[in-house]
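Peer 1: Once you've had a glance at the structure underneath, I'll fire off some questions.
Read the figures in this text as sums done on the coordinates, not as results from a lab. Remember, predicted model here, so these are calculated numbers, not experimental data. With ideal geometry, Cβ positions are generated from the backbone for all residues, glycine too; neighbour counts draw on all protein chains shown.
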């Protein structure tokens with residue numbers, strides 16, 4: 001069983017489109033995250049949710065809207081996609097805030 | 001100055017060598033330190049998680065933290081070709097909701 005799973009694995013879309021990425025964790029963790037990894041492999045936090053509540057929002061454009069329907073799910077919706085949004089997006093979860101995180105396999109987003 | 005500095009490499013070593021990977025940081029509030037391994041086109045995988053200064057050993061891996069020098073290291077003994085990956089250090093503070101800050105990663109290649 002995959003601990004942190006996200007779909008889709010690959011996403012190619014045109015500029016201006018709206019897309020969603022889904023994430024689910026079966027580890028029973030309270031905290032979930034979205035990270036963005038750019039072409040230089042730099043991993044940067046975007047959002048953090050604890051018990052379905054947003055606790056960290058790192059100056060991300062408001063075209064990005066996370067939604068946590070329950071503790072096990074954290075989805076990411078992106079409006080009006082731009083070329084600069086091309087990156088790998090990782091979902092992660094941890095037992096609590098400020099503890100070790102477990103990552104999904106990533107969603108490689110390419111905006112053309 | 002970046003909060004976390006990590007030499008991007010690449011670092012090439014022969015099989016069986018001892019590998020030393022390092023990060024320096026500037027934020028004295030960092031209290032928790034992690035090392036992740038990331039294979040190409042995969043999500044980061046947690047290797048080590050430590051809180052206090054000193055050494056923590058797990059099999060062939062040893063994590064070392066020197067808070068006075070703001071310096072952390074990961075040592076890999078008897079390196080194997082399967083250790084070839086990018087190694088990311090990560091750290092965070094304690095108290096309240098703290099984001100995890102990652103280094104840029106060091107690419108390691110172990111040559112058979």
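Peer 1: Using the reciprocal of the averaged 1/r over all distinct C-alpha pairs, how large is the Kirkwood radius of chain A in Å?
Peer 2: With all distinct Cα pairs of chain A included, I get 13.8 Å.
Peer 1: Something else about it: Decide, for region B:15-86, between rounded, prolate and oblate: order the square roots of the alpha carbon gyration tensor eigenvalues as a ≥ b ≥ c, take rounded if a/c falls under 1.5, and otherwise choose prolate if a/b is larger than b/c, else oblate.
Peer 2: prolate
Peer 1: Turning to a different aspect of this structure: Over region A:67-112, calculate the relative contact order: mean separation of alpha carbon pairs under 8 Å at least 6 apart, over the residue count, as a percent. Write down the numbers at each step before the final one.
Peer 2: On the way: 50 pairs, mean separation 16.6, N = 46.
It comes to 36 percent, rounded to a whole number.
Peer 1: So for each of A:53-62, A:23-32, B:84-93 I average, over its residues, the number of other beta carbons within 10 Å; can you give me the resulting order with the highest mean first?
Peer 2: Final packing ranking: B:84-93, A:23-32, A:53-62.
Peer 1: Follow-up question, since we're still on this one. Which three extents, in angstrom, do the Cα atoms of region B:20-60 have along their principal axes, listed largest first?
Peer 2: For region B:20-60, the Cα spread along each principal axis is 33, 24, 17 Å.
Peer 1: Using a Debye calculation, one point per C-alpha and no hydration shell, please list log10 I(q)/I(0) for the protein assembly as shown at q = 0.14, 0.16 Å⁻¹ in order.
Peer 2: Debye curve over Cα of the protein assembly as shown, log10 I(q)/I(0) at q = 0.14, 0.16 Å⁻¹: -0.88, -1.12.
Peer 1: Applying a 10 Å radius around every beta-carbon, put A:84-92, B:11-19 in order of their mean neighbour count, most first. Walk me through the intermediate numbers first.
Peer 2: Values: A:84-92: 20.9, B:11-19: 13.6.
Ranking, from highest mean packing down: A:84-92, B:11-19.
Peer 1: On to the next question. Can you tell me the Rg and Dmax of region B:51-94, counting just the alpha carbons, in angstroms?
Peer 2: 11.9, 36
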